[in-house]
1. Karplus couplings for region 39-54 from phi (6.51 cos²θ - 1.76 cosθ + 1.60, θ = phi - 60°), rounded to Hz, Gly and Pro as x?
2. Arranged from highest to lowest average of other beta-carbon atoms within 10 Å per residue, in what order do the peptides 5-15, 62-72, 40-50, 25-35 appear?
3. Among ALA41, LEU18, HIS8, whose Cα sits farthest toward the positive end of the charge dipole of region 8-56 (+1 at Cβ of Lys/Arg, -1 at Cβ of Asp/Glu, about the Cα centre)?
4. Given charges of +1 on the Cβ of Lys and Arg and -1 on the Cβ of Asp and Glu, with all other atoms neutral, how large is the dipole of the chain about its Cα centre, in debye to the nearest 20?
5. Report, in debye and to the nearest 20, how large the dipole of region 14-55 comes out about its Cα centre when Lys and Arg carry +1 and Asp and Glu carry -1 on their Cβ.
6. Straight distance only, please: which lysines reach the Cα of LYS11 with their own Cα at less than 26 Å, same-chain residues fewer than 8 apart left out?
Amino acid sequence: MERIVNLHIEKFPEGVYLATSDELQGLVAQGRTIQETIEIAGDVAKKILEAQQERKGELPFPAASEAFDYPLIINA
């Protein structure tokens, strides 16, 4: 089942992006581009959620709904 976890992405002066989440403790991902950072964050989030589910038996995040907003980032 798909879940939605909100990310905070920040660009650092060194040119790298850092993703964290106030909702999912321990989620930290760094990449050279926004897309790479999001992909890494997705992998990290999945591993954290799988570990939480093994320990607690349930996930604290609601399932993805049929419709939601997503910011599309274009490099133009």
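1. In residue order, the calculated couplings are 4, 5, 4, x, 5, 5, 4, 4, 5, 5, 5, 4, 5, 5, 5, 5 Hz.
2. 40-50, 25-35, 5-15, 62-72
3. Sorting the options by dipole projection puts first ALA41.
4. So the magnitude is around 160 debye.
5. 80
6. Candidates past the 8-residue exclusion: LYS46, LYS47.
Read-outs throughout are calculated quantities, based only on the coordinates presented, and are distinct from any laboratory measurement. Please read all numbers here as calculations on a predicted model, not as lab measurements. As a convention, Cβ positions derive from the backbone with ideal geometry for all residues, glycine included, and neighbour counts pool all protein chains shown.
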